[in-house]
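The next block holds one structure in the form of structure tokens; read it before the comments.
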Amino acid sequence: MSAASIPDDLFAAPAPDRSFVISRSQLEMYRKCPRCFWLRKRHGIEQPDSFPFTLNNAVDFLVKRSFDGYRRRGELPPMLQAHGLNAKLFSDQQKLDEWRNNRKGIRWTDPLTGVTLYGAVDDILEFPDGSLAVIDYKASGSADGKVYPSYQFQLETYTYLLQRLGFKTAPTGYLAYFLAVKDQEFEGQLPFRMVVREAELNPAGVADYFRAAVELSQSDRVPASGEECDLCRFVGETLPVIKC
Ligand code: SF4
């Protein structure tokens with residue numbers, strides 16, 4: 001849903017709470033389903049927790065540890081070299097640890113609304129001209145890693161935050177994919193094929209979503225639900241049947 005579809009009367013909403021904070025994943029929630037975002041931010045109602053992605057988290061942990069080793073040695077990880085990148089890993093480990101921290105992240109407060117936007121990044125590349133590019137690690141069981149719209153928006157949001165903090169950024173973002181190899185006998189070890197996907201980014205578009213999400217969070221009007229989730233329809237159809 002685009003920012004332009006937010007009803008005009010929302011612009012008369014009261015000024016936002018200046019301590020208000022929107023995370024990168026909440027902005028993605030707004031993009032996919034404004035109603036779910038509104039329920040979370042206006043009424044504190046969250047979707048039930050899903051099962052934790054422990055395998056993905058394990059890969060994420062191992063890749064971070066591996067990339068940090070290359071960073072200490074001043075080397076580029078082989079999968080990034082194989083992609084032909086003329087860049088180095090962001091060398092400020094202390095700053096990166098802060099930007100990776102889910103409770104801190106890359107964090108910027110909009111001077112117009114007073115609302116903070118933040119997101120925890122996986123890694124950063126630094127090009128010879130000083131520009132930075134975001135890398136996100138992805139573990140997947142698919143045959144080839146794709147740049148899905150949500151991944152594109154994720155890269156754009158981190159890049160937008162870097163720009164707001166005054167960093168020069170590259171026009172591209174990167175997905176470091178770890179694709180499970182499934183055509184071999186399984187003997188307790190899961191091999192991965194490593195590929196890099198890159199995406200041309202439009203970080204400026206994030207500003208429109210951010211401002212629209214801030215306005216919606218101050219509104220009492222129930223917004224439409226998105227098209228990617230069927231849960232509200234499911235609940236609507238089941239309630240009259242189970243009568244609870
Ligand atoms: S349709 Fe799905 S994402 Fe949207 S409000 Fe309902 S549960 Fe949330």
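Nothing in this text is a laboratory measurement; each read-out follows from the coordinates by a stated rule. Source: prediction; values computed, not measured. Cβ sites come from the backbone with ideal geometry, for glycine too, and all protein chains shown count toward neighbours.
Numbers at a glance
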item: Placed amide H near residue 192: partners under 5 Å, 5+ positions off or other chain; result: 181
item: Cα convex hull volume per residue for the range 85-184 (Å³); result: 129 Å³
item: 16 Å tail of the calculated P(r), the range 57-132, as % of Cα pairs; result: 58 percent
item: For the chain, size of Cβ-based charge dipole, Lys and Arg +1, Asp and Glu -1, in debye; result: 500 debye
item: Degrees between helix 34-43 axis and first principal axis of the chain (Cα, 0 to 90, nearest 10); result: 70 degrees
item: Helix axis angle, 54-73 relative to the chain longest principal axis, alpha carbon, degrees; result: 50 degrees
item: Whole-number Å³ per residue for the convex hull built on Cα positions in the chain; result: 162 Å³
item: Relative packing of 90-101, 129-140, 40-51, which averages over residues the other C-beta atoms within 10 Å, highest first; result: 129-140, 90-101, 40-51
item: Amide H within-cut-off set for residue 22, under 5 Å, with H built and near neighbours excluded; result: 116, 117, 118
item: Long pairs among 104/168; 64/146; 146/168; 41/182; 95/182, criterion Cα-Cα beyond 31 Å; result: 41/182; 95/182
item: The range 212-244: trypsin sites (Lys or Arg not before Pro) in DSSP loop, at most 14 other beta carbons within 10 Å; result: 221, 243
item: Highest average packing first - 173-180, 194-201, Cβ atoms within 10 Å; result: 173-180, 194-201
item: Whole-number D in µm²/s for the range 113-244 (Stokes-Einstein; Kirkwood sum over Cα pairs; 37 °C, 0.692 mPa s); result: 182 µm²/s
item: Selection from 127, 58, 74, by position along the positive dipole direction of the range 3-242 (Cβ); result: 74
